[in-house]
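Readers should treat all values here as calculations from the given coordinates under stated rules, not as data from a laboratory. Every value quoted in this text rests on a predicted model; they were computed, and no experiment measured them. Here the Cβ positions follow ideal geometry from the backbone for every residue, glycine too, while neighbour counts run over all protein chains shown.
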Amino acid sequence: MVRNLLHTFILLLVANLAISQIDIDPQSIEFVGEGQESITEYIEITNNTGDVLNLYWEFVPAEGYPAEWTTQICDINLCYAPNKLKSSAAMPNTIENETTVEFSFKVWNNNGNVEGTSYGILNLYDDSDFTNLVASTSAPLTSTNNFDVQELVIYPNPTTEFIQIKNDASISSISIFNVVGRLVNTLDHSTGMVHDLTGLRSGMYLVRLEDKNGDVIKSMRLSKK
C-alpha cells in the first residue's frame, strides 16, 4: 500500500513539473501573409523539468485556416511531409534538462503567394498516445483581445475555493486539465464571474482561458489547496 502511494506521488510530482516548467517562446504561432512566396515561423521549447523529457506534438489549425495553405513542420528529428500535423509516435523529441530546442513552421500557398493572416495551436504531450498534455501555445492577440496578455491572470492562486480572472473581457470559457492531461471541468465565463472550485481535489492543474471562438488565449498553472 505504501509503495503504491509513493509511486502515485512520484507520478503526480513529475506531471506537475512538466506542466509548470516547459517554456515556449514565443507563445503563439501566427502567419501574416503579405504576398510573399512562403512564411516560416520558429518557436523555442525549453525543458526545465529537472529530467530528460520526451515530447510528442500535434498542430491544430485555427478555425478559418486557409484551405489553400500547405503547412510543413520540422521538429528536432526531421521535417515532416507537407500537411503532416502530428509527430510520429515512434520518434519522440528527446530534450535534455535545461536545454532549448527549435521547431519551425513553414506555410506556402498552392495557388500563388501567401495572403491573409491565421495561426495554429501546438499541443505538446509526453506520451506516444497523445493523451497527457503538458504544454501548448496560445492564440495570438487580435483586435478583439488586444490587451496585455501578461495582465490576464487567475486569482487567488493558490486557491482553496473560488477563482476570478483579471482582465477577462475576452474570456468566454475556462478548461481545466489535471496533471495527467485529462479535462476535468469546462466553465462558461463572462466578465467578472466568480467560479466555485470546491469540487476539485487538491493539486496542480493546467487551465486554458478561451475566447468565444474556442481559441486558447492563455494557458497557466493553478494550484488548488
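Summing -39500 (n - 2.57) over the DSSP H runs of n ≥ 4 in the chain and dividing by its residue number, what mean residue ellipticity at 222 nm do you reach, to the nearest 500 deg cm²/dmol?
-3000 deg cm²/dmol
Among (i) 26, 20, 15; (ii) 24, 22, 15; (iii) 31, 24, 13, only one was calculated for this model; which label is it, if the read-out is semi-axes √(5λ) of the Cα gyration tensor in Å?
Answer label, from the structure shown: (iii).
What does the charge dipole of the stretch 1-137 about its Cα centre add up to, to the nearest 20 debye, if the Cβ of each Lys and Arg holds +1 and the Cβ of each Asp and Glu holds -1?
Its charge dipole is roughly 460 debye.
Dipole size in debye (nearest 20) for the stretch 56-148 around its Cα centre, Lys and Arg Cβ +1, Asp and Glu Cβ -1?
Charge dipole of the stretch 56-148: 320 debye, to the nearest 20.
Once the principal axes of the Cα atoms of the stretch 141-225 are found, what is the range along each, listed largest first in whole angstroms?
37, 22, 20
What's the angle, to the nearest 10 degrees (0 to 90), between helix 2-20's Cα axis and the longest principal axis of the chain?
Once rounded, the angle reads 40 degrees.
Compute the relative contact order of the chain as a whole-number percentage, counting only Cα pairs closer than 8 Å that sit 6 or more residues apart in sequence. Intermediate results must be reported in sequence, preceding the final value.
Values: 514 pairs, mean separation 44.7, N = 225.
Normalised by residue count, the contact order of the chain is 20 percent.
Of Ile76, Gly199, Val134, which is farthest on the positive side of the dipole of the chain, counting Cα position, with +1 on Lys and Arg Cβ, -1 on Asp and Glu Cβ, and the Cα centre as origin?
So the residue we want is Gly199.
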